[in-house]
Amino acid sequence: MDFDFTDEQRQLRDAVQRWAERSYPFERRRTIVAAGGFDAAVWRELTELGLPGLTVPEAHGGMGLGAVEAMVVHEALGAALLLEPLLHAHLSSALLQQHAPPELQAAWLPRLAAGELVVLAHVERHSRHRLDASTTHARADDAGRWRVRGVKYAVPAGDHAAAFVVPAQLHDGGGLALLLVERHAEGVRVRGHLTQDGSRAAEVVLEDAPATLLSRAGEQALAWAVDVGIALAAAEAVGVMERALALTLQYLNTRRQFGVPIGSFQALRHRAADMKMQLELARSMSYYATLKLQAPEALRRRALARAKVQLGQSMRFVGQQAVQLHGGIGVTDEYEIGHCFKRLTQLELTFGDTLHHLGELSRRLDEHAGVAD
């Protein structure tokens, strides 16, 4: 079996890396954080490259590429510590294609490809990563129009989104459903804020906000969306860890102690080698996560939980070792490695932390422990 990338996938990765090196240096990122964590000019540049529409079908104005191409792009942008929520644009594209009715796809996929942002708003204050723990409610009025009431937290770039995909319990007892709510609709209040890694998020309050039904099979659709998000976040985390390792090796080879580079000390070389090993473990599980997205649901969910556990362990190890090997400079705002650590910490918590997915994996094990998967 050939696990190598195609020439087109390598060219895509190289093009994204060139853009990041030329247009998204660390100093620009620091400026964006200071200005609020989202830069409309950067989003326009990404849109001009066609990246928000990367996985949108050509019939709807996108590039029509697949999950592997998305993985390649997010790995490259992870190394640049991208703040803008391209991950969530790709998640919404996958969700709409897989679960939305044709008329909703026709209405929103072209807008996604054109750079309008649709984000998943599923986190609630006491949900603790559980997808079925929604206290938001939706009901249909006498004219058949849907209304949604509830509060969602940590919505990525929520104050810059055009619309939200909102899980809500149906008032008629039909269980969890997904609905699409436009940000500027009546009854929608959004309060944006910075997150700990410098990116943008928001609290979204819905007070009988008008909505469009996306899917009545809400739990199934939401699980699919989260699994896509895990695969994309895994790819991004690999890119961040690559950057952290490169910065650490550079520091070990230039910082001198007792007249020699500290990278010549055997104990520090062993720690750097362990970082590289954890990076490669994470990379292999990132590939595994992407390749399992089209597997049957039970197998897919188990595979993505495995990937998130390994990525969580690798992110924590690489981030901590990178900061420790840098010493005091590793926690300063002026130096890049601390920002890598913050990004890895936030990615470890995104779509469920390591302990949550370890529990999910344990719950899904059967008699043969899944070793044949």
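With loop defined by DSSP as not H, G, I, E or B, and exposure as at most 13 other Cβ atoms within 10 Å, which is the longest segment of the chain clear of exposed trypsin sites (Lys or Arg not before Pro)?
Result, exposed sites excluded: 146-373.
Let me know the charge dipole size of region 1-92 about its Cα centre in debye, to the nearest 20, where only the beta-carbon of Lys, Arg (+1) and Asp, Glu (-1) is charged.
I would put it at about 440 debye.
For region 299-310, just list the computed ³J(HN,Hα) in residue order, Karplus coefficients 6.51, -1.76 and 1.60, θ = phi - 60°, integers in Hz, with x standing in for Gly and Pro.
So the J values, rounded to whole Hz, are 5, 4, 5, 5, 5, 5, 5, 4, 4, 5, 5, 5.
Ignoring ligands, DNA and RNA, please state the percent of accessible area on region 258-309 from carbon and sulfur, probe 1.4 Å.
So the carbon and sulfur contribution to the accessible surface is 64 percent.
For the chain, modelled as a Gaussian network with Cα springs under 10 Å, which listed residue fluctuates most, G263, G218, G327?
Ranking G263, G218, G327 by mean-square fluctuation puts G327 first.
Taking only DSSP H segments of four or more residues, each worth -39500 (n - 2.57), what value at 222 nm results for the chain once the sum is divided by all its residues, to the nearest 500 deg cm²/dmol?
Computed ellipticity for the chain at 222 nm equals -17500 deg cm²/dmol.
Where both residues lie in the chain, what percent of DSSP beta bridges are antiparallel, nearest 5?
In the chain, DSSP labels about 85 percent of beta bridges as antiparallel.
For region 9-22, what does the Karplus curve 6.51 cos²θ - 1.76 cosθ + 1.60, with θ = phi - 60°, yield as ³J(HN,Hα) per residue in whole Hz, taken in order and with x for Gly and Pro?
Here the 3J(HN,Hα) series is 5, 5, 5, 4, 4, 5, 5, 5, 4, 5, 4, 4, 5, 7 Hz.
Between rounded, prolate and oblate, where does region 1-115 land on the alpha carbon gyration tensor, with a ≥ b ≥ c its root eigenvalues, rounded for a/c under 1.5, else prolate if a/b exceeds b/c?
oblate
May I ask for the equivalent-ellipsoid semi-axes of the chain, computed as the square root of five times each C-alpha gyration tensor eigenvalue and listed largest first in whole Å?
36, 23, 20
Among all stretches of the chain without exposed chymotrypsin sites (Phe, Trp or Tyr not before Pro) (DSSP loop, at most 15 other Cβ atoms within 10 Å), which one is longest?
6-257
Excluding ligands, DNA and RNA, what is the solvent-accessible area per residue of region 135-234 at a probe of 1.4 Å, expressed in Å²?
For region 135-234, the solvent-accessible area averages 39 Å² per residue.
Just L179, L349, L77 to compare: in a GNM of the chain, with alpha carbon springs under 10 Å, which one fluctuates most?
L349
Excluding residues on the same chain fewer than 8 positions from K152, give the lysines whose Cα lies under 24 Å from its Cα.
The qualifying lysines are K308, K342.
Could you do me a favour and compute the accessible area per residue for region 239-373, 1.4 Å probe, result in Å²?
That works out to 49 Å² for each residue.
So how exposed is T212, as accessible area in Å² (1.4 Å probe, rounded to 10)?
Surface accessible to solvent at T212 totals approximately 70 Å².
List, in order, the whole-Hz ³J(HN,Hα) value for each residue of region 172-180 obtained from phi through the Karplus relation with A = 6.51, B = -1.76, C = 1.60 and θ = phi - 60°; use x for Gly and Pro.
7, x, x, x, 7, 10, 10, 10, 9
Relative to the Cα centre, what is the charge dipole magnitude of region 181-248, using +1 at the beta carbon of each Lys and Arg, -1 at the beta carbon of each Asp and Glu, and rounding to the nearest 20 debye?
140 debye
When the chain is modelled as a GNM with alpha-carbon springs shorter than 10 Å, which of H171, H129, H357 fluctuates the most?
H171
The values are calculated or read from the model by the stated rules, or taken from the named source; none is laboratory data. Bear in mind the structure is a predicted one, so any value in this text is a computation, not a measurement. Every residue, glycine among them, receives a Cβ derived from its backbone with ideal geometry; neighbour counts consider all protein chains shown. Keep in mind that these areas ignore ligands, DNA and RNA; they rest on the heavy atoms of the full protein, side chains included. Shrake-Rupley method; radii C 1.70, N 1.55, O 1.52, S 1.80 Å.
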